[in-house]
Amino acid sequence: MSQAIIPQNILLVSENKLKNFTDIDQNVTSSVLLPFIGVVQQTKLEYIIGARYYRELLLQVSGSTLTDINANFLNYFVQPMLIWAAYAEALPSIFMRIKNNGIVNGAENTVTISEMQYMQTRADDRSQFFEQRMIQEIVFNSNNYPLVYNWTSNDGLQPHLGKNYFSGVHLNNGQWYNSIENTRFPGMVYFADPSYYCCGL
């Protein structure tokens, strides 16, 4: 089996947890929500941590063999990001569905598209906060995540810790540096433009 093959049927966040930690109604069906969890696992999580570590998380979850480090990483860093990213991705499908007679909205008294987009933006902002927190964890505790840093071209998707995927206009993110390097404000983590340093993460 190719090392680049990734299991597609393992979700790292349950439907119940997605509903319990957001305002998604319990009546929203699985068919609306579950595909978007799978989408953000690949477009967000796998893109950041790389296919090698992503594959390990999937296999440990499916086999109930999570190590303490991976369980903490999954529960505290990964799942909050996936919850809000999946929420943002699912909102348009909750708002309107494609049916035989065309695209229809969910209810007679539903919100407007602009109101739905406002909710989507709020959810996306939250997911980006948790995404940056997860990246900081990987950078500052790199010894806990050797599969991210020992990637080879045979492992599938390369980790991307320094910048995010975006389908429109893209501006490079700065890099997080730890307090040891921060001589101006000792003890404080800071965010620097990538052009200031010779090498990205």
Inset, instruction - Kindly indicate which of S153, S114 is within 24 Å of R52 (Cα to Cα) and modelled with pLDDT under 90. - result: S153
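Here is a yes/no grid of residues against (1) assigned to a helix (DSSP H, G or I); (2) more than 22 Å from T152 (Cβ to Cβ); (3) over 17 Å from the mean Cα position of the chain (by Cα):
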| position | (1), (2), (3) |
| --- | --- |
| Q26 | no, yes, yes |
| S31 | yes, yes, yes |
| V39 | yes, yes, no |
| K44 | yes, yes, no |
| G50 | yes, no, no |
| F73 | yes, no, no |
Legend entry - Flag if S93 is at pLDDT below 90, surrounded by fewer than 16 Cβ atoms within 10 Å (Cβ to Cβ) and farther than 24 Å from Y145 by Cβ: no
Inset, instruction - Pairs only if they're at least six apart or on different chains, beta carbon under 6 angstrom, first in region 45-73 and on the phi > 0 side of the Ramachandran plot and surrounded by 22 or more Cβ atoms within 10 Å (Cβ to Cβ), second of a type in the set (F, W, Y) and not in a helix (DSSP H, G or I); list them, first residue then second. - result: G50/W151
Inset, instruction - Check S142 against each of (1) at pLDDT 85 or above; (2) small (G, A, S); (3) within 25 Å of T22 (Cβ to Cβ) and name the one condition it does not meet. - result: (3)
Legend entry - Of residues in region 1-24 being under 22 Å from G156 (Cα atoms) and of a type in the set (S, T, N, Q), the one modelled with the highest pLDDT: N9
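The values are calculated or read from the model by the stated rules, or taken from the named source; none is laboratory data. Quick caveat, the model's predicted, so the values are computed rather than measured. A quick note on method: Cβ atoms are made from the backbone with ideal geometry, for glycine too, and the neighbour counts reach across all protein chains shown.
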